[in-house]
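Chemist: If you scroll down you'll find the structure; I have some questions about it.
The values are calculated or read from the model by the stated rules, or taken from the named source; none is laboratory data. Predicted, not measured: the structure shown is a model, and the values here were computed from it. Note that each Cβ is placed from the backbone with ideal geometry, even for glycine, and that neighbours are counted across all protein chains shown.
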Amino acid sequence: MSIKRVRLSSDESRLAALEAARILLIEAGPQAVTLKAVAAQIGRTHANLLHHFGSAAGLHKALAAYLGDTITATIGEAVDAARRGKVSPRTIVDMTFDAFDREGAGALASWMLALGNEDALDPVVEAIHRLVDKLTATALTPHLADLIRDNTLMLVLLALGDSQMGGPMAGALGLPREKAREMATRSLTFALMQEAATLAAQAEV
């Protein structure tokens, strides 16, 4: 069902298009995210979408950037909460895995790469880089900064791989479907415990 046409600013129109594209991605997969389909969802024309994104590839790259920004912002807030003991490490793991699986970021990246868009992952990588820079800026020691980088790499690669073939691999090895999430949770829990121990040691000095 298309959205009733209303007057929107250029920024509002672009944002509405990206949100409509995100919904199409989740509901029907990356192949459904076309300029025509997105335009229909927000009551705009194909030409209007071309004006904002230039091409279908431009729309896909903008969607990847949008997903990267929204996902890392949410995960960053969860990490801050976990550092204060407000949420569990498993919450962060589930949010990351769901972003690549249920929210379609993994499928979008793989599809764009299959189409020959070599810089498909750049917006997501850049968003993750910004998040890591923010998190490491508050690390008390170089070791803790390294832990953040290590666990970010582990978590993203596990989540991306799990979104592509986690089910078949777990089944082939006779492991529970949640095994990759459990592995990531153990690693992240250990990192947060080390950070807490460092904070406690610093407080005693």
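Chemist: Taking the stretch 160-191 as the region of interest, how many residues are in contact with a Lys or Arg (Cβ under 7 Å, 6 or more places away or on another chain), among the aliphatic types (A, V, I, L, M) and within 19 Å of T91 (Cβ to Cβ)?
Modeler: 0
Chemist: Now, a different point. Looking at (1) modelled with pLDDT of 90 or more; (2) over 23 Å from I71 (Cα atoms); (3) surrounded by 12 or more Cβ atoms within 10 Å (Cβ to Cβ), which one does L140 not meet, given that it meets all the others?
Modeler: Of (1) modelled with pLDDT of 90 or more; (2) over 23 Å from I71 (Cα atoms); (3) surrounded by 12 or more Cβ atoms within 10 Å (Cβ to Cβ), only one is false for L140: (1).
Chemist: From the list A81, A20, A62, A73, which one is outside the structural domain of M183 (by TED's automatic domain parsing) and of a type outside the set (S, T, Y)? Walk me through it before giving the result.
Modeler: Numbers: A81 fails: outside the structural domain of M183 (by TED's automatic domain parsing); A62 fails: outside the structural domain of M183 (by TED's automatic domain parsing); A73 fails: outside the structural domain of M183 (by TED's automatic domain parsing).
Step by step, each of A81, A20, A62, A73 is checked, and only A20 is outside the structural domain of M183 (by TED's automatic domain parsing) and of a type outside the set (S, T, Y).
Chemist: Right, something else. Output the residues belonging to the stretch 70-87 that are more than 22 Å from R22 (Cα to Cα) and without any contact (Cβ under 8 Å) to a residue 40 or more places away in the chain.
Modeler: Within the stretch 70-87, the subset more than 22 Å from R22 (Cα to Cα) is 79-87.
Answer for the stretch 70-87, where residues must be more than 22 Å from R22 (Cα to Cα) and without any contact (Cβ under 8 Å) to a residue 40 or more places away in the chain: D80, A81, R84, G85, K86, V87.
Chemist: Quick check, is A17 surrounded by fewer than 16 Cβ atoms within 10 Å (Cβ to Cβ) and out of contact with any Ser or Thr (no Cβ under 8 Å at 6 or more places or on another chain)?
Modeler: So A17 does not fit the description; no.
Chemist: If you take the residues in the stretch 131-165 that are among the charged types (D, E, K, R) and out of contact with any helix residue (DSSP H, G or I) (no Cβ under 7 Å at 6 or more places or on another chain), which one is nearest to G106 (Cα to Cα)?
Modeler: So in the stretch 131-165, the residues among the charged types (D, E, K, R) come out as 133-134, 146, 149-150, 162.
Cutting the leftovers down to out of contact with any helix residue (DSSP H, G or I) (no Cβ under 7 Å at 6 or more places or on another chain) gives us 133, 146, 150.
Values: D133: 23, D146: 25, D150: 20 Å.
This residue is D150.
Chemist: Sort out which residues of the stretch 152-205 are closer than 26 Å to E126 by Cα and either outside the structural domain of T141 (by TED's automatic domain parsing) or of a type in the set (S, T, Y) (or both), and write them in order of number.
Modeler: Hits for the stretch 152-205 are T152, S163, T185, S187, T189.
Chemist: So is S88 surrounded by fewer than 19 Cβ atoms within 10 Å (Cβ to Cβ) and under 20 Å from A184 (Cα atoms) or not?
Modeler: Working: surrounded by fewer than 19 Cβ atoms within 10 Å (Cβ to Cβ): yes; under 20 Å from A184 (Cα atoms): yes.
Against the criterion (surrounded by fewer than 19 Cβ atoms within 10 Å (Cβ to Cβ) and under 20 Å from A184 (Cα atoms)), S88 qualifies.
Chemist: Please enumerate the residues belonging to the stretch 91-117 that are under 22 Å from D133 (Cα atoms) and either surrounded by 20 or more Cβ atoms within 10 Å (Cβ to Cβ) or basic (K, R) (or both).
Modeler: I92, V93, T96, F97, A99, F100, A105
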